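Asks: Dumping the structure here so I can ask a few things about it.
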Amino acid sequence: QVHLVESGGGLVQAGGSLRLSCAASGGTFGTYTVGWFRQAPGKERECITSISWSGGSTYYADSMKGRFTISRDNAKNTVYLQMNSLKPEDTAVYYCAAAITGPLQTGVGQYDYWGQGTQVTVSS
């Protein structure tokens with residue numbers, strides 16, 4: 001069983017930056033694909049980025065390219081999401097998730113473990 005805890009969310013002005021962290025305990029985190037998802041009120045949860053177990057491969061949704069960067073430190077069992085040039089439409093609850101099998105999963109149903117989420121609010 002893997003337990004994921006997100007942190008780093010908060011309130012930021014448009015154009016600002018935040019770095020989210022996803023800390024894992026249990027399981028063999030270093031072997032899992034990890035994704036960041038977000039869910040805004042009234043919208044479906046969407047995958048915004050994911051990273052392979054080694055960190056060698058990454059996926060970004062088109063609207064995140066150039067603004068968000070995912071990285072991981074397997075020695076610390078932690079995955080990071082650096083978010084720059086934030087926009088009001090980035091406001092959502094952000095979740096990290098871990099998938100036991102498969103590279104760079106993007107579907108909600110493809111992930112086995114989920115964190116509780118952290119709120120990101122971007123003011124205009």
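Asks: Go through the residues of the range 36-44 one by one and say whether even a single one is more than 15 Å from Ile70 (Cβ to Cβ) and among the small types (Gly, Ala, Ser).
Replies: yes
Asks: Of the numbered conditions (1) touching a residue at least 12 places away in the same chain (Cβ under 8 Å); (2) closer than 16 Å to Cys22 by Cβ, Asp90 satisfies every one except a single condition; which is it?
Replies: (2)
Asks: Would you check if there is a residue in the range 16-23 being open to solvent by 10 Å² or more (accessible area, probe 1.4 Å) and without any contact (Cβ under 8 Å) to a residue 24 or more places away in the chain?
Replies: No, that holds for no residue.
Asks: Go through (1) over 15 Å from Ser85 (Cα atoms); (2) over 15 Å from the mean Cα position of the chain (by Cα) and name the single condition Val12 misses.
Replies: In the conditions (1) over 15 Å from Ser85 (Cα atoms); (2) over 15 Å from the mean Cα position of the chain (by Cα), Val12 misses (1) alone.
Asks: Do we have any residue at all in the range 78-90 that's touching a Ser or Thr at 6+ places or on another chain (Cβ under 9 Å), modelled with pLDDT under 95 and loosely packed, with under 15 Cβ neighbours inside 10 Å?
Replies: Looking for residues that are touching a Ser or Thr at 6+ places or on another chain (Cβ under 9 Å), modelled with pLDDT under 95 and loosely packed, with under 15 Cβ neighbours inside 10 Å, one finds none in the range 78-90, hence no.
Asks: Just give me the residues in the range 38-58 being open to solvent by 70 Å² or more (accessible area, probe 1.4 Å), of a type outside the set (D, E, K, R) and within 11 Å of the chain's Cα centre (by Cα), in sequence order.
Replies: Answer for the range 38-58, where residues must be open to solvent by 70 Å² or more (accessible area, probe 1.4 Å), of a type outside the set (D, E, K, R) and within 11 Å of the chain's Cα centre (by Cα): there is none.
Asks: Consider Pro103 against the criteria (1) surrounded by 15 or more Cβ atoms within 10 Å (Cβ to Cβ); (2) assigned to a loop (DSSP other than H, G, I, E, B); (3) touching a residue at least 24 places away in the same chain (Cβ under 8 Å): it satisfies all of them except one. Which criterion is unmet?
Replies: If we test Pro103 against (1) surrounded by 15 or more Cβ atoms within 10 Å (Cβ to Cβ); (2) assigned to a loop (DSSP other than H, G, I, E, B); (3) touching a residue at least 24 places away in the same chain (Cβ under 8 Å), just (1) comes out false.
Asks: List the residue pairs whose Cβ atoms are under 7 Å apart, where the first residue sits in the range 41-67 and is under 25 Å from Thr31 (Cα atoms), the second is part of a strand (DSSP E or B) and basic (Lys, Arg), and the two are 6 or more positions apart or on different chains.
Replies: Glu46/Arg38; Ile48/Arg38; Ile51/Arg72; Gly55/Arg72
The values are calculated or read from the model by the stated rules, or taken from the named source; none is laboratory data. Nothing here was measured: the structure is a model prediction, and the numbers come from that model. All Cβ positions, even for glycine, are placed from backbone atoms using ideal geometry, and neighbour counts span all protein chains on display. Protein only, heavy atoms only, side chains kept; ligands, DNA and RNA dropped before computing areas. Shrake-Rupley method; radii C 1.70, N 1.55, O 1.52, S 1.80 Å.
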